[in-house]
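Bear in mind these aren't lab numbers, they're just calculated from the coordinates by the rules spelled out. Model, not experiment: these values are computed from the prediction. Cβ atoms come from the backbone with ideal geometry, glycine included; neighbour counts cover every protein chain shown.
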Amino acid sequence: MGYPPALDAYRTRVEEALARVTSGCGGPAGLVAAMEWSLLAGGKRLRPVMLLATRDLFPPGGLDPMPAACALELIHTYSLIHDDLPALDNDDFRRGRPSCHKRFGEAAALLAGDALLTDAFRLVGDAWRGSDDPAGLAVVAEIAGAAGSAGMVGGQVLDTIGTGRALTADELHAVHRGKTGAMIRAAVRCGAILGHAQDDELAALTSAAERLGLAFQVVDDVLDVTASAGQLGKTPGKDREQGKTTFASLLGVDGAGRYARELSDGAIDDLRRFGPAADPLRDLADFFVTRNA
């Protein structure tokens, strides 16, 4: 299954917004070039798309969700730049071309990641300054919590210290609830918060997002075994080479595929209460487990 057509319009809007993000950052030209090299390299834009699609489950009005959507992509891009560095995954390619540190050097890549992370919060601060809508502060807290020590960064630490030894299923889930799942969870929750979702609606969407975050990672682990460099846009087989426990190594390729589908089906069930308005998110749940890159 290719990228869901129902979500292409969201992705187009995100690409257009991202193209404007660095124009006002005021950074040195070399830094901006390194930031744009990674930020504007394309990709699925899953996190901002999920935020926007979730926001559209609720009545219009309130804060513009696009700054938060872009902030998520800036943070995701920073994480990829740092993840590719020699100290972590040491990958020379990302999205089909040289990774940021191979193109600009390690120092520039490190600083480009730092700038993207920090500018993510400048973006929402500038956009929502002066608003009395409490959803804005709640979203900032949600993003910070998902990106930080108890979320993505914490998961990356668990992944790093777990490399080279066999992890249990519980340990592996803990790694990816943080490293991959936290920002996917935040994307959906931020869309719901900006839509002033009721508590029960937020709980259902949170459950769906948590399942989808794991499903995405399970399929990533399978693709690292089964896909080509051309499909992935990066080097395959890195997990085995680095001695990482993955869902594919723990469950087998077929077992991991079944687990991903089980998670996706559970997310689709969580979305039932939202009716046809949630069809884009249901399509995304199917895409998560049928993609080949």
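Quick rundown of the values:
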{"item": "Efficiency of FRET between residue 131 and residue 19 - r from beta-carbon atoms, R0 25 angstrom, step 0.05", "result": "0.50"}
{"item": "Exposure proxy ranking, count of Cβ atoms within 10 Å, fewest first, for 190, 25, 100, 70", "result": "25, 70, 100, 190"}
{"item": "Computed [θ] at 222 nm, deg cm²/dmol, the chain (DSSP H ≥ 4; -39,500 (n - 2.57); rounded to nearest 500)", "result": "-22000 deg cm²/dmol"}
{"item": "Rg followed by Dmax, in Å, when region 26-157 is reduced to its Cα trace", "result": "15.5, 46"}
{"item": "Region 144-293 - Kirkwood radius from inverse mean 1/r over Cα pairs (Å)", "result": "15.9"}
